[in-house]
Amino acid sequence: MTVYIDPPIWPGHGRMWSHLVSDTSYEELHAFAAAAGFPRRAFDRDHYDIPSTQYDTAVRAGAVEVGSKELLHRLTAAGLRRRKR
C-alpha cells in the first residue's frame, strides 16, 4: 500500500494545498484518508486536497513525499488519473 503526497504549493481559498493519491486504487486512497482523519469531501476526482496545515499528518500516517510531477506520473501510470471534463 503506497499513498503519495506532493508539497503544498497549490493556492486556493486563502491556503496552500497538497494532493494525496494512491498508485493502487481509490479504495486504498479512501481507506488511508479515513484512517488519517481526512474527510471524504476533500476527495476531488482522483485525489484528496490536503491543506498545508495537515501535510505533516499525512506524512506521519505513511504518505510518501514526492514532487508534483512524480505524483502525476504515478497516478497516470496506475491508470487512476481522471481529467476534468
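The values are calculated or read from the model by the stated rules, or taken from the named source; none is laboratory data. Everything numeric in this text was worked out from a predicted model, so none of it was measured. Cβ placement follows ideal geometry from the backbone for every residue including glycine, while neighbour counts extend to all protein chains displayed. Surface accessibility is based on the protein's heavy atoms, side chains included, excluding ligands, DNA and RNA. Shrake-Rupley method; radii C 1.70, N 1.55, O 1.52, S 1.80 Å.
Below, the figures for the structure above:
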| item | result |
| --- | --- |
| Accessible area in the full protein assembly, largest first, 1.4 Å probe, for W17, W10 | W10, W17 |
| Residue-span extension gain [A78 to F43] - 0.36 nm each, minus C-alpha spacing | 10.8 nm |
| Magnitude of the charge dipole, the range 32-85, Cβ model with Lys/Arg +1 and Asp/Glu -1, debye to 20 | 420 debye |
| Segment E27-R15, extension gain: residue separation times 0.36 nm, minus the distance between their alpha carbons | 1.6 nm |
| Computed Rg/Rh of the chain, alpha carbon atoms with Kirkwood Rh | 0.92 |
